[in-house]
Amino acid sequence: MNAIVALCHFCELHGPRTLFCTEALHLPLPQGAACGNSLGPGEQGEEEEGGIQMSSRIRCHSPADGASAESNSPRLKKSDMCEGCRSLDVGHPGYISHDKETSIKYVSHQHPNHPQLFSIVRQACVRSLSCEVCPGREGPIFFGDEQHGFVFSHTFFIKDSLARGFQRWYSIIVVMMDRIYLINSWPFLLSKIRGVIDELQGKAFKVFEAEQFGCPQRPLRINTAFTPFLHQRNGNAARSLTSLTNDDNLWACLHTSFAWLLKACGCRLTEKLLEGAPTEDTLVQMEKQADLEEECAAWESHEEEEGRPRPQPEVLEGRELSKCHTDSSTLSDCSWNMRRTAVFRSLRHMRQVLGASAFRMLAWHILMGNQVIWKGQDRELIQSAFDVLQAMLPVGCVRVISYSEKYEDAYRCNFLGLSPQAEIPSHVQSSEFAVMIDVRTAPGSNLYPVLFVDDEPLSKYEFVVTSGSPVATDRVGLTILNKIEAALSNENLSMDVVEQCLVCLKEEWMNKVKVLFKFTKVDSRPKEDTQKLLGILGASEEDNVKLLKFWMTGLSKTYKSHLMSSVRSPTSSECRN
């Protein structure tokens, strides 16, 4: 993520000051800037956290790098900085983390590397601690513009027994130029930054209580109430944050937290380039994803209401960083997918296994929306069959129960996997709206011929396809089915080309479905006009009409609501009249 995270402090002597900032360097460091992979004798070892390789010290920085506040910022003189304004000691080279996955380096020092970035962060620091403050002075706020960048700022107080009001004012800011990205990251940034603030405040409060117990400051200040104010400020009023929290490793920990924040926030949101309008399958998938997220959010809120303990922030952070690589369930799913793809690799492969006539019967029932029942002992085989076959249908028309011990009705699923012990009702076996594939152990004389090494698991099975409504091979049938079979039988076409042909065919017929939906459901045209429309669309045959009606159930809610809203608008009513 192209952003800078900084910790700022309002000093009573020098005003707003930037204490510590972390930025991401997407290009290699200049020659001689640092030897990140070779550590010096006095340098600490490296450790990995969430794919980021951590080096606690950088032995050298060139002035061009701007790592040192004195070298890159002549505007800040030593006389302008006190103990409370300084984070790292003079000559401290800073911190760096190497992300081996993306070749990005996260560098932390008191001020940004580039002079222009120094100016932007400096202005954001002043605004976050002076004019841009939320009610109560503690909490998050958003401000900025196109010229100076946009800022997420969270102000907070740290307990200090020697400060006025016994507290000092700090803020953590995130500065970036992309306003939309920053706004969309608001909930994530708020929760993670709030966790860092809570940890800082907790450490400081323990130090504050210990100091107050040893030497209470309130009665001492009452006794010296008439002491001139300027004289009081010349004492030890400015204390460093490490002193307030009693944590010598504070800046190294902040570097780790800020580097992780930049990496994790950048991984949350990714941009996708869509060429043209999204397809119906894309819209349906987005709607399903949104419904799933709402369901998860509702479940989490229900758990919180019941008083169940929530995971700690540090546990969540580690899980979010490593879930793509270390989550055991994800790894098991991936390995299971790799094993099952070796069963049925493609539609062409399944057509070779079942035979042309049996595959045509099966494909016809799938396209018409009838229930497809696979019955057998091998779950991986049945799941791989469903993965291959459902590619012929729009996403909104697919309802799968991959494996069950009992029969499920057709309204619940059009793809059903059953164990050998499950009983199929007699009316379903004789129904013309269902097709059954019985996976049996093949006798030695009927073994499927092994064409490839990957076909060996299939050589021990035979597949019996039955239905109450067999498909006549001499009739025209479904137009889309004829085109699918022509593509599958053409050995000159690779499966990649066949898959793209299938995508184009589905989009072609989904466009016909949209026209028919608008014509019949929205405009309520008479049957005579509908028959003329079907003739124009090239779908006047009975099978094609049934297919269009079934595929109409797979239209996205977004498209349907868009049509209904456009019909209700006054302009559309006037145009229709």
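Between the DSSP loop rule and a limit of at most 10 other Cβ atoms within 10 Å, which trypsin sites (Lys or Arg not before Pro) in region 82-158 are left? Sites meeting the loop and neighbour criteria: K100. Which FRET efficiency value, to the nearest 0.05, is calculated for A298 and A252 with the Förster distance at 51 angstrom and r the Cβ-Cβ distance? Approximately 0.80, to the nearest 0.05. Compared with the alpha-carbon gap, the fully stretched path from I183 to H562 is longer by 133.7 nm at 0.36 nm per residue. Within the same chain, lysines fewer than 8 places from K406 are excluded, and of the rest, those with a Cα less than 26 Å from its Cα are K375, K460. For a straight C-alpha distance cut-off of 22 angstrom, the lysines reachable from K518 (same-chain residues fewer than eight places away being disregarded) are K506, K527, K532, K546, K549, K557, K560. For region 358-449, applying the loop criterion from DSSP together with a ceiling of 13 other beta carbons within 10 Å to the chymotrypsin sites (Phe, Trp or Tyr not before Pro) yields Y411. Per the 1.4 Å probe, what fraction of the accessible area of region 116-221, in percent, lies on carbon and sulfur atoms? Roughly 59 percent of what the probe reaches on region 116-221 is carbon or sulfur. The R268 and S346 beta-carbon pair, evaluated with R₀ = 30 Å, returns a calculated FRET efficiency of approximately 0.30. Accessible surface for region 114-202, divided over its residues, is 42 Å² per residue with a 1.4 Å probe.
With the Cα gyration tensor of region 90-183 giving a ≥ b ≥ c as the square roots of its eigenvalues, does the rule (a/c under 1.5 for rounded; else a/b larger than b/c for prolate; else oblate) give rounded, prolate or oblate? Oblate.
Extension gain for A422 to V515 (0.36 nm times residue separation, less C-alpha to C-alpha distance): 29.3 nm.
Between D409 and S494, the FRET efficiency from the beta-carbon distance, with R0 = 41 Å, is close to 0.55.
Each residue of region 504-514 was assigned a 3J(HN,Hα) from its phi angle through the Karplus curve 6.51 cos²θ - 1.76 cosθ + 1.60 (θ = phi - 60°); the sequence is 5, 5, 5, 5, 4, 7, 5, 5, 5, 4, 5 Hz, with glycine and proline shown as x.
What does the extension gain come out to for C131 and R194, with contour length at 0.36 nm per residue minus their alpha carbon separation?
20.5 nm
Take the Cα of D529, step 7 Å toward its Cβ, do the same at D291, and the gap between the two points is 3.2 nm.
The values are calculated or read from the model by the stated rules, or taken from the named source; none is laboratory data. Treat the numbers as computed from the prediction; the structure is a model and nothing was measured. Cβ coordinates were reconstructed from backbone atoms using ideal geometry, including for glycine residues, and neighbour counts include every protein chain displayed. The protein model used for the area step is the full one, side chains on, heavy atoms only, and it has no ligands, DNA or RNA in it. Shrake-Rupley method; radii C 1.70, N 1.55, O 1.52, S 1.80 Å.
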